[in-house]
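> Next up is a structure, given as structure tokens.
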Amino acid sequence: MQLISPSTTIVALATGNGQGAIAVIRLSGKDAISIVSTFFKGKNLIGEAGYTLHFGEIVNNDEVIDEVLVALFKAPKSYTGEDVVEISCHASAYIIEKIIQLCIEHGAQLAMPGEFTQRAFLNGKMDLTQAEAVADLIASNAAAAHRAAMHNLKGGFKHVLDEMREQLIHFTALIQLELDFSDEDVTFADRSQLVALLNQLYNQTNNLIQSFALGNAIKNGVNVAIVGKPNAGKSTLLNALLNEERAIVSAIPGTTRDTVEESININGIIFKLIDTAGIRNHTVDEIEAIGIARSKKALEKTDVVIFLFDVNDSLDTVMQQINEWNLLQYKCIAVGNKCDLLDNNLAYMQHHFADLPIQQKIFISALQKNGIDAIKNLLYNMVVGGQLNFEQAIITNIRHYHALIELKNALVEVQNGLQQNLPGDLLTIDINHCLYFLGTITGKIETDRDILGAIFSKFCIGK
Ligand code: GDP
């Protein structure tokens, strides 16, 4: 994406394209107000203050296009930092097109995806982490993703990074001091203090990096494959988890269907369940083969596996299945199903399957919907590991994740340098690398235009 010179005024539909009562068309740029005033009949908008609302008509060659409300925002007190006009009109496709066309005829350019937010960034209204949080907020479809995005939009992550930056700059200042006094042969800037500071930064970076596993789960959901031999009860379990008859459960041979994928929301986090059932229209051998192939495919992209087995099977048979799918290499929950057929005798089953090499075991009856909440709780705890704490920064963005890994490597270089007692000027070079990688996250350094393009092109038009 190319940057349009900020001297242009841009326009786009800011609301969604679907049905609605009202649509908002947004303009940003130095001519935003004068452009709209040419076809707005009501008060003369030029000279009006910011944060004001004006009722009037949009008129084209004496034809009234619509009755609208126009909101004015004056630079720099607007989303983009430029003059912004928002026209709230009736959400007819014809009206929207006509008004945008009028804006373009009078000198505005159609905005590119993310261009409003990009201007906000370029005008210093927000840093890159906040701009990216805008996109995340718009995309959030569950409570946790929404809270994480809102936290970052309000500068949660920015604040952590700013502090780290301050500390690095303080570090550089201490080193600089040492350089300035080097003639006088003072060893100083108490190097042990520097080591402590650096260790702290290193740990902070590491914690952020490790939070990405959770952050990714929050943002993109958690893939859960349900594997088990045919008739173990996978579809029945899926239905019980979904709490509805979505996947067709049937004991009638001949029902075929593809892998079923459904989402459930557990305490604000999306879990995507992949059921590998639906292979009945085959001979027993074929069923086995297709079942294994499907399960293997589901396992390729899974984060957590629910291994469903029939408690009426022997320990040996169940062990064979575990080996078949190499389940020990996954985060796995072993779920013994059809406990109702053994009188729900939990003590017996725990004893019978005590030697299963999977730590997390749950015994259920999918048919009777017994033990379903236990599975949900365990899934949540395996991913979140306790309460979600949004006061701590959680990395949800892969770009930040990669930059933090670079930062960590650069911090190790400084640590090594300190250990080897490198002179201050060499240490400063490595510290600058650290500052550089921090800067790529926030956009404080001269950010590559390609990177900016990649970030903002993910937005939709009008944002
Ligand atoms: P899948 O092939 O693994 O998807 O298995 P299904 O969910 O289609 O179930 C196969 C058969 O086992 C069906 O007749 C289900 O009603 C039955 N079934 C599933 N779960 C249970 C359970 O907890 N108890 C009992 N008694 N039967 C079950």
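> Which residues, counting only those in segment 376-408, are open to solvent by 50 Å² or more (accessible area, probe 1.4 Å) and not basic (Lys, Arg)?
ASN377, ASN381, GLY385, GLN387, ASN389, GLU391, GLN392, ILE398, TYR401, HIS402, ILE405, GLU406
> Related question: Residues in segment 42-59 that are at pLDDT 95 or above and surrounded by 13 or more Cβ atoms within 10 Å (Cβ to Cβ): how many?
Number satisfying all stated conditions: 9.
> Name, by its number, the condition in (1) touching a residue at least 40 places away in the same chain (Cβ under 8 Å); (2) surrounded by fewer than 17 Cβ atoms within 10 Å (Cβ to Cβ); (3) in the same structural domain as PHE437 (by TED's automatic domain parsing) that does not hold for ASN416.
(1)
> Can you run down the residue pairs with Cβ atoms below 8 Å, 6 or more apart or on separate chains, where the first is in segment 320-331 and of a type in the set (D, E, K, R) and the partner is at pLDDT 90 or above?
Correct list of pairs: LYS331/ASP303; LYS331/VAL304; LYS331/VAL305; LYS331/MET382.
> Another question about this same structure. Tell me which strands (runs of 3 or more DSSP E) are completely within segment 9-64 and hold 1 or more residues being free of Cβ contacts under 8 Å to residues at least 60 places away in the same chain, or say none if there are none.
Numbers: elements: 10-13, 22-28, 52-60.
Hits in segment 9-64: 52-60.
> Checking ASN370 against (1) away from the ligand (no atom under 16 Å from the Cβ); (2) surrounded by 14 or more Cβ atoms within 10 Å (Cβ to Cβ), which single condition isn't satisfied?
Checking ASN370 against (1) away from the ligand (no atom under 16 Å from the Cβ); (2) surrounded by 14 or more Cβ atoms within 10 Å (Cβ to Cβ), the one that fails is (1).
> Test ASN231 against the stated conditions and say whether it is under 28 Å from ALA144 (Cβ atoms), at pLDDT 80 or above and open to solvent by 30 Å² or more (accessible area, probe 1.4 Å). It would help to see each step written out before you state the result.
Values: under 28 Å from ALA144 (Cβ atoms): no; at pLDDT 80 or above: yes; open to solvent by 30 Å² or more (accessible area, probe 1.4 Å): yes.
Considered against the rule, which asks whether it is under 28 Å from ALA144 (Cβ atoms), at pLDDT 80 or above and open to solvent by 30 Å² or more (accessible area, probe 1.4 Å), ASN231 comes out as no.
> All but one of (1) modelled with pLDDT under 90; (2) surrounded by 21 or more Cβ atoms within 10 Å (Cβ to Cβ) hold for ALA139, so report the exception by its number.
Only one criterion is unmet by ALA139, namely (2).
> Another one. Restricting to segment 93-145, count the residues that are without any contact (Cβ under 8 Å) to a residue 24 or more places away in the chain and within 21 Å of GLU67 (Cβ to Cβ).
Summing the residues that are without any contact (Cβ under 8 Å) to a residue 24 or more places away in the chain and within 21 Å of GLU67 (Cβ to Cβ) in segment 93-145 gives 5.
> Next question, about the same structure. If we scan segment 289-304, do we find a residue that is modelled with pLDDT of 90 or more, assigned to a strand (DSSP E or B) and buried (at least 19 other Cβ atoms within 10 Å of the Cβ)? Explain how you work it out, then say what you get.
Of the residues in segment 289-304, the ones modelled with pLDDT of 90 or more are 303-304.
Within this subset, residues satisfying the condition of being assigned to a strand (DSSP E or B) are 304.
Filter once more, so that each one left must be buried (at least 19 other Cβ atoms within 10 Å of the Cβ): 304.
Looking through segment 289-304, at least one residue is modelled with pLDDT of 90 or more, assigned to a strand (DSSP E or B) and buried (at least 19 other Cβ atoms within 10 Å of the Cβ).
> Just need a number here: residues in segment 327-363 that are within 15 Å of the ligand (Cβ to nearest atom) and in contact with a Cys (Cβ under 6 Å, 6 or more places away or on another chain).
Residues in segment 327-363 being within 15 Å of the ligand (Cβ to nearest atom) and in contact with a Cys (Cβ under 6 Å, 6 or more places away or on another chain): 1 in total.
The values are calculated or read from the model by the stated rules, or taken from the named source; none is laboratory data. Since we're looking at a predicted model, the values are computed, not measured. All Cβ positions, glycine included, derive from the backbone under ideal geometry; neighbour counts span all protein chains shown. These area figures cover heavy atoms from the full protein model, side chains too; ligands, DNA and RNA do not enter into them. Shrake-Rupley method; radii C 1.70, N 1.55, O 1.52, S 1.80 Å.
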